[in-house]
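This report concerns only the one structure given below.
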2 protein chains.
Amino acid sequence: MATDISPLAPKTYAELPAIKGVRIETVAAGIKYRDRTDLMLMVFDRPASVAGVFTTSKCPSAPVEQCRANLGGGKARALVVNSGNANAFTGKKGRVSTVLTAQAAAAAVGCGEGEVFLASTGVIGEPLEADKFAPVFDRMAGSASKDKWLDAARAIMTTDTYPKLATRTARIDGVAVTLNGIAKGSGMIAPDMATMLSFIVTDADIEPAALQLMLKRHVGSTFNAVTVDSDTSTSDTLMVFATGGSEARPISAAGDPRAREFSKALADLMQDLAIQVVRDGEGASKLVEITVTGAASARAAGRVARSIANSPLVKTAIAGEDANWGRIVMAVGKAGEKAERDRLAIWFGDVRVAADGERDPDYDEARAAEVMKRDEIAIRVDLGVGRGKARVYTCDLTKAYIEINGDYRS
Amino acid sequence: MATDISPLAPKTYAELPAIKGVRIETVAAGIKYRDRTDLMLMVFDRPASVAGVFTTSKCPSAPVEQCRANLGGGKARALVVNSGNANAFTGKKGRVSTVLTAQAAAAAVGCGEGEVFLASTGVIGEPLEADKFAPVFDRMAGSASKDKWLDAARAIMTTDTYPKLATRTARIDGVAVTLNGIAKGSGMIAPDMATMLSFIVTDADIEPAALQLMLKRHVGSTFNAVTVDSDTSTSDTLMVFATGGSEARPISAAGDPRAREFSKALADLMQDLAIQVVRDGEGASKLVEITVTGAASARAAGRVARSIANSPLVKTAIAGEDANWGRIVMAVGKAGEKAERDRLAIWFGDVRVAADGERDPDYDEARAAEVMKRDEIAIRVDLGVGRGKARVYTCDLTKAYIEINGDYRS
């Protein structure tokens with residue numbers, strides 16, 4: 001498995017401040033990896049409001065089902081995440097494992113099992129031995145501290161080449177609140193409600209239903225707008241926890257104007273983390289932003305953008321630094337959405353390569369080649385049939401993706 | 001561009017017999033390739049019945065539009081196919097090019113422009129200079145002969161590594177008729193009504209409407225059941241011509257019991273050619289047959305099979321000879337069709353790897369590894385929710401695919 005750090009990795013990792021009401025611990029529980037932390041416990045000292053969105057896979061992992069079942073309660077006291085094993089497609093053993101894990105975590109933290117949320121990432125189909133976790137939770141709950149965000153981001157990594165962290169602040173009635181987030185994901189990334197795994201914590205005081213609405217509002221343009229390889233995971237999980245540890249007064253409705261700045265900061269944080277996931281796309285050498293305008297609807301624009309972003313021919317052309325707009329035409333055509341060939345226009349960066357259904361008469365190949373050499377490439381397609389717009393982020397498809405996914409036996 | 005012949009290529013090419021009523025000529029017209037034939041003219045001495053299915057792309061090539069417009073007439077006197085340039089997304093120039101080509105071919109053959117059918121394959125977006133063809137058609141029509149099927153299959157190749165030919169015979173009222181077919185395609189293959197290009201000729205006498213019905217009936221389980229890279233072409237064209245040159249009496253209805261053997265032979269020929277296209281999939285090292293049973297409907301089974309066949313994670317695992325059934329579970333889950341995780345069963349070859357929503361307790365990794373080493377791999381998935389069934393053919397995803405599509409500028 002390739003272990004070099006992605007060339008698109010950030011130069012430095014965000015330093016996340018402490019958030020009142022949450023403590024973190026990580027350990028190496030020996031689930032699959034040697035000498036690497038693979039278990040993370042987040043403890044909320046008082047019940048935190050919780051919201052979450054999960055994979056739309058028809059074969060979701062056992063932890064995803066556990067989270068869905070507990071989400072109705074709206075309160076969290078503990079989050080347990082392990083890497084190395086997804087506890088997906090593990091049948092009854094998988095369910096037993098989530099029950100045992102939640103029981104042990106609840107006992108260690110001193111809460112109900114319904115206040116424990118679980119997530120697992122790694123190999124599909126291997127039974128997850130929960131008895132490995134149970135003995136360590138007591139110790140972890142005791143030593144958990146407020147400054148272990150980087151450790152948390154590392155503990156949930158699988159084929160990720162770097163930890164993903166981001167932080168934002170916002171004011172509610174003039175009082176500052178903080179939002180911290182971590183994420184993991186590199187392959188099997190085409191989130192359809194959420195990414196592989198991402199967890200956001202804020203010290204704002206926000207009711208669960210309001211938090212859920214804000215989360216849903218922003219997920220479409222952030223995590224659901226990224227794709228590495230079109231393969232939607234069995235384990236996608238995105239959760240937000242609000243500890244209420246700040247001095248800011250409570251928010252009870254998503255539409256409350258007092259929550260506007262918070263909601264914007266949440267969207268911004270989610271976008272930051274989602275882009276970090278794409279930048280760590282397996283084998284990625286280029287970050288690609290695809291904007292589709294002039295579609296019949298926003299939904300149609302999204303489908304066309306995703307068709308371009310998931311096309312192996314488009315992705316390999318980008319890897320080869322080839323401004324191959326014919327493949328963009330192909331991907332627009334196969335998307336099945338309304339498009340009129342003779343109104344289509346395509347740009348690579350600021351270079352218009354095609355217009356009115358044929359090559360731009362002023363097309364300058366040297367300028368397009370210059371654009372293709374960049375680390376970050378913007379592709380814009382105008383369909384010319386309506387006002388629908390969408391943006392999707394992806395990466396290129398290189399030999400390293402094949403190496404990572406084809407040259408080893410998982 | 002890789003030029004090695006696919007390891008999955010047939011050991012010998014089918015020898016196609018002459019078919020009464022059709023003559024073929026090929027030349028090197030210098031469209032894009034050096035020292036290679038790139039133009040093929042098929043002449044039908046008397047009007048042949050014609051049927052065709054074409055790409056569902058919203059950005060079809062100019063020749064696809066030309067064929068669609070002429071299909072209503074039901075009669076063909078000439079087929080002109082060039083490789084090296086797809087005449088797709090070429091705007092008004094593209095339409096002018098098809099008109100000029102059809103006029104020149106009609107003049108050479110002595111027929112109406114509505115009896116000429118065109119197909120082009122190659123680069124998208126480059127204007128196709130029809131004036132290169134016009135001067136050569138006269139000569140080609142004169143020298144066309146009955147024995148040039150292999151030349152025809154070679155002339156229409158682009159990234160193909162071998163020519164694709166097949167032949168069948170059938171009896172109508174006890175009289176033998178022949179069906180010959182050629183195809184091309186290697187990348188941008190996820191046909192959605194037809195493959196890149198395939199042409200079938202028979203000496204049976206079949207009315208156009210009946211021929212069209214038979215073609216449509218068989219295309220779903222043959223050409224539309226193969227995928228190399230999920231990228232549907234702008235140029236997919238599959239046509240059948242019936243010259244009536246045999247002694248067999250005419251067929252005027254697809255449902256005529258006298259046509260049963262012919263229809264079966266047609267389906268068989270189409271399947272043969274479609275599999276040859278997958279065997280030449282860009283970078284392919286393994287042919288993969290994916291069968292989905294127990295789905296809610298045949299349509300649902302097809303979507304699940306296609307989700308598996310198009311998953312880069314499944315395809316790279318097969319390239320790595322990894323019996324990674326977790327990725328099959330992922331692909332089933334993301335397809336969006338009804339599936340119950342705990343009823344799912346998966347086989348590689350005859351080795352059941354998963355059943356009842358978890359790893360098969362009798363799973364033998366060594367036996368599965370043995371299966372994965374083969375050139376041809378059968379994957380079966382039973383969803384356990386209904387009686388719908390579908391079969392799809394694909395190939396693996398290797399570094400050679402990336403080399404072919406990313407390491408050159410087209």
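A compact table of results
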{"quantity": "So B:E282, is it more than 11 Å from the chain's Cα centre (by Cα), touching a residue at least 60 places away in the same chain (Cβ under 8 Å) and within 30 Å of B:G125 (Cβ to Cβ)", "calculated": "yes"}
{"quantity": "Of all residues making up the stretch B:69-85, the number that are out of contact with any Leu (no Cβ under 8 Å at 6 or more places or on another chain) and within 14 Å of chain A (Cβ to nearest Cβ)", "calculated": "1"}
{"quantity": "Flag if B:K32 is under 30 Å from A:R341 (Cα atoms), in contact (Cβ under 8 Å) with a residue 60 or more places away in the chain and open to solvent by 40 Å² or more (accessible area, probe 1.4 Å)", "calculated": "yes"}
{"quantity": "Qualifying residues in the stretch A:361-372 (those that are more than 10 Å from every other protein chain (Cβ to nearest Cβ) and not in a helix (DSSP H, G or I)) - the one surrounded by the most Cβ atoms within 10 Å (Cβ to Cβ)", "calculated": "A:D364"}
{"quantity": "Condition check for A:M188: crowded, with 24+ Cβ neighbours inside 10 Å, in the same structural domain as A:S49 (by TED's automatic domain parsing) and at positive phi", "calculated": "yes"}
{"quantity": "Matching residues in the stretch A:109-141 - criterion: being outside any loop (DSSP other than H, G, I, E, B) and open to solvent by 50 Å² or more (accessible area, probe 1.4 Å)", "calculated": "A:E113, A:D131, A:K132, A:P135, A:D138, A:R139"}
{"quantity": "Residue count, the stretch B:86-98 (criterion: surrounded by fewer than 24 Cβ atoms within 10 Å (Cβ to Cβ) and in contact (Cβ under 8 Å) with a residue 12 or more places away in the chain)", "calculated": "3"}
{"quantity": "Flag for B:G255 being open to solvent by 10 Å² or more (accessible area, probe 1.4 Å), at positive phi and modelled with pLDDT of 90 or more", "calculated": "no"}
{"quantity": "Criterion: under 29 Å from B:T167 (Cβ atoms) and either assigned by TED's automatic domain parsing to the domain that holds B:A366 or of a type outside the set (F, W, Y) (or both) - qualifying residue of B:K286, B:K315", "calculated": "B:K286"}
{"quantity": "Close pairs from the stretch A:135-158: first under 18 Å from A:A18 (Cβ atoms) and of a type outside the set (S, T, Y), partner in a helix (DSSP H, G or I) and modelled with pLDDT under 95, Cβ under 6 Å, at least 6 apart", "calculated": "none"}
{"quantity": "Qualifying residue in the stretch A:375-397 (condition: under 28 Å from the mean Cα position of the chain (by Cα), small (G, A, S), facing chain B (nearest Cβ under 7 Å) and open to solvent by less than 10 Å² (accessible area, probe 1.4 Å))", "calculated": "no"}
{"quantity": "Any chance A:S57 is buried (at least 24 other Cβ atoms within 10 Å of the Cβ) and either at pLDDT 90 or above or polar (S, T, N, Q) (or both)", "calculated": "yes"}
{"quantity": "The one condition in (1) assigned to a helix (DSSP H, G or I); (2) in contact (Cβ under 8 Å) with a residue 24 or more places away in the chain that B:V314 fails to fulfil", "calculated": "(2)"}
{"quantity": "Matching residues in the stretch B:341-357 - criterion: being open to solvent by 40 Å² or more (accessible area, probe 1.4 Å) and within 8 Å of another protein chain (Cβ to nearest Cβ)", "calculated": "B:D342, B:D356"}
{"quantity": "Residue satisfying condition, being open to solvent by less than 10 Å² (accessible area, probe 1.4 Å) and at pLDDT below 95, within set B:G174, B:G181", "calculated": "B:G181"}
{"quantity": "Close pairs from the stretch B:72-85: first over 11 Å from B:A48 (Cα atoms), partner open to solvent by less than 10 Å² (accessible area, probe 1.4 Å) and acidic (D, E), Cβ under 7 Å, at least 6 apart", "calculated": "B:N82/B:D38; B:S83/B:D38; B:G84/B:D38"}
{"quantity": "Unmet requirement for B:R327, which otherwise passes all of (1) in a helix (DSSP H, G or I); (2) within 25 Å of the chain's Cα centre (by Cα)", "calculated": "(2)"}
{"quantity": "So B:A62, is it modelled with pLDDT of 95 or more and either open to solvent by less than 20 Å² (accessible area, probe 1.4 Å) or on the phi < 0 side of the Ramachandran plot (or both)", "calculated": "no"}
{"quantity": "Within the stretch B:32-55, tally of residues that are within 14 Å of chain A (Cβ to nearest Cβ) and on the phi > 0 side of the Ramachandran plot", "calculated": "0"}
{"quantity": "Count - residues of the stretch B:204-229 that are part of a loop (DSSP other than H, G, I, E, B), touching a residue at least 60 places away in the same chain (Cβ under 8 Å) and surrounded by 24 or more Cβ atoms within 10 Å (Cβ to Cβ)", "calculated": "2"}
{"quantity": "Verdict on B:R299 being surrounded by fewer than 24 Cβ atoms within 10 Å (Cβ to Cβ), among the basic types (K, R) and under 23 Å from the mean Cα position of the chain (by Cα)", "calculated": "yes"}
{"quantity": "Count - residues of the stretch A:302-311 that are open to solvent by less than 10 Å² (accessible area, probe 1.4 Å) and part of a helix (DSSP H, G or I)", "calculated": "4"}
{"quantity": "Conditions (1) open to solvent by 20 Å² or more (accessible area, probe 1.4 Å); (2) among the small types (G, A, S); (3) at pLDDT below 90; number of the one not met by B:A274", "calculated": "(1)"}
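The values are calculated or read from the model by the stated rules, or taken from the named source; none is laboratory data. Here the structure is a predicted model, which is why all the values come from computation and not from measurement. Every residue, glycine among them, receives a Cβ derived from its backbone with ideal geometry; neighbour counts consider all protein chains shown. Accessible surface is based on the protein model in full, side chains and every heavy atom, while ligands, DNA and RNA are left aside. Shrake-Rupley method; radii C 1.70, N 1.55, O 1.52, S 1.80 Å.
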